[in-house]
Amino acid sequence: MSSFKDDFILASGSYLLNHSVGRPLKTAEQAFSTQFFTPWQTSGREPWQDWLQVIEKFNQSLAKLFNAKVTEFCPQVNLSSALTKLIMSLERLERPNAVVLMSEVDFPSMGFVLQKALPVTCELRFIPKELDVTDAAVWQQYISEDVDLVFVSHVYSNTGQQAPLNEIVSAAKSQGTLTLIDVAQSAGIIPLDLSQLQADFVIGSSVKWLCGGPGAAYLWIDSVHISKCQPKDVGWFSHENPFEFDIHEFRYHQTALKFWGGTPSIAPYAIAAHSIDYFANIGSLKLREHNQMLIEIVAKQLEDVLISPRERYARSGTIVLHFGARQQQVLKSLNTANISVDVRCEGIRVSPHIYNDMNDIEQLLTVIAIS
């Protein structure tokens, strides 16, 4: 795996914060310049036709990564915006007594969106935070026949837990419930085949394991739902023909791009498309194997302070550790040694990527041992 290390811009020390922001590729700046600046700088014409090819490349890269159709993806500014647009487009949630289910350990931003975007007649129901979200039986208990939509984080950022997606989707389908998956913390590091999973909707971003920077999020909609969704937050790029320019005639785009909106950003997607394509060519399975190999070494050494799941099937790409009374001293020592981690309510989060190696892990363990 050492050859991958040479492909990334890495500062001194050990960077183990990939659950937050992934490191950029060395080729990212040139790819950005070629795709975004060159059409703008070298032509006397407007660069929109070249710029729109960037979006096409972005969607193509996502389709390759997730094994889905290009027409099922739509760029979004961030997950909150994607979730808002989607929720407001679903007629089913407007009926009296509709129910949306999520966990209390979901990322708060997603809860904020649902509280504000859902109709007042819709109930937002929570799986209590005390329950184990890695246990399929918990989900099966709460996905009752009156639930219209279940929101699932593939990975829970503070706990390093992985939700049992296949079992959740199966339970939802048996009740006629729609599924919406948040892959912000899993995209790239945990294999996800959307053609096999048969979820209904997915939202995700590029800033973490995909190393694509902020501002390049996305919305995926299974083809069977595209024509049924009626987004309210639209603009000229939601139109079937954005360049028709007839103010009296709006027709939804026939693909997921109906969720696009007004004049789009291009720059973030130029970086992200390049990076996502890089990881799609490696394959999420290889990324997962390398990540789990390094995590397993840490888990074996520090089993007594492990907060995240011990079982591989239940854990994400992040290991969470809590040292009790030693916590602050360990954090201070890691910071002094230039080892980049962070801490949340559950503990210290450590996330090795494809460009991390045994040297990074050995240094981490050594510093912890002497703290």
Has region 54-74 got at least one residue that is in contact with a Leu (Cβ under 6 Å, 6 or more places away or on another chain), assigned to a helix (DSSP H, G or I) and open to solvent by less than 40 Å² (accessible area, probe 1.4 Å)?
yes
Take the residues in region 144-158 that are over 18 Å from L114 (Cα atoms) and within 19 Å of the chain's Cα centre (by Cα), then tell me which one is most open to solvent (accessible area, probe 1.4 Å).
N158
Qualifying positions in region 254-306 - in a helix (DSSP H, G or I), among the polar types (S, T, N, Q) and over 16 Å from the mean Cα position of the chain (by Cα):
N281, N291, Q292, Q301
Residues of region 87-142 satisfying the condition of being without any contact (Cβ under 8 Å) to a residue 40 or more places away in the chain, part of a helix (DSSP H, G or I) and open to solvent by 80 Å² or more (accessible area, probe 1.4 Å):
E94, F112, Q115, K116, Q140, Q141
Residues that are within 25 Å of L192 (Cα to Cα) and basic (K, R), drawn from region 289-339:
R310, R312, R315
I want to confirm something. Restricting to region 350-364 and keeping residues that are touching a helix residue (DSSP H, G or I) at 6+ places or on another chain (Cβ under 6 Å) and within 11 Å of V298 (Cα to Cα), which single residue is surrounded by the most Cβ atoms within 10 Å (Cβ to Cβ)?
P352
Selection count where residues are hydrophobic (A, V, I, L, M, F, W, C), within 30 Å of D342 (Cα to Cα) and in contact with a strand residue (DSSP E or B) (Cβ under 7 Å, 6 or more places away or on another chain), scope region 109-149:
6
Would you confirm whether or not region 307-323 contains a residue that is in a helix (DSSP H, G or I), in contact (Cβ under 8 Å) with a residue 24 or more places away in the chain and surrounded by 14 or more Cβ atoms within 10 Å (Cβ to Cβ)?
yes
Can you name the number of the only condition in (1) free of Cβ contacts under 8 Å to residues at least 40 places away in the same chain; (2) open to solvent by less than 10 Å² (accessible area, probe 1.4 Å); (3) of a type outside the set (D, E) that L294 fails?
(1)
Pairs where the first residue, in region 214-242, is touching a residue at least 60 places away in the same chain (Cβ under 8 Å) and open to solvent by 30 Å² or more (accessible area, probe 1.4 Å) and the second is in a strand (DSSP E or B) and not β-branched (V, I, T), C-beta under 9 Å, 6+ apart
D222/F201; Q230/Y252
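The values are calculated or read from the model by the stated rules, or taken from the named source; none is laboratory data. Quantities reported herein were computed from a predicted structural model and do not represent experimental measurements. So basically every Cβ, Gly included, is an ideal-geometry build from the backbone, and we count neighbours across all protein chains shown. Note: areas computed on protein heavy atoms with side chains; ligands, DNA, RNA excluded. Shrake-Rupley method; radii C 1.70, N 1.55, O 1.52, S 1.80 Å.
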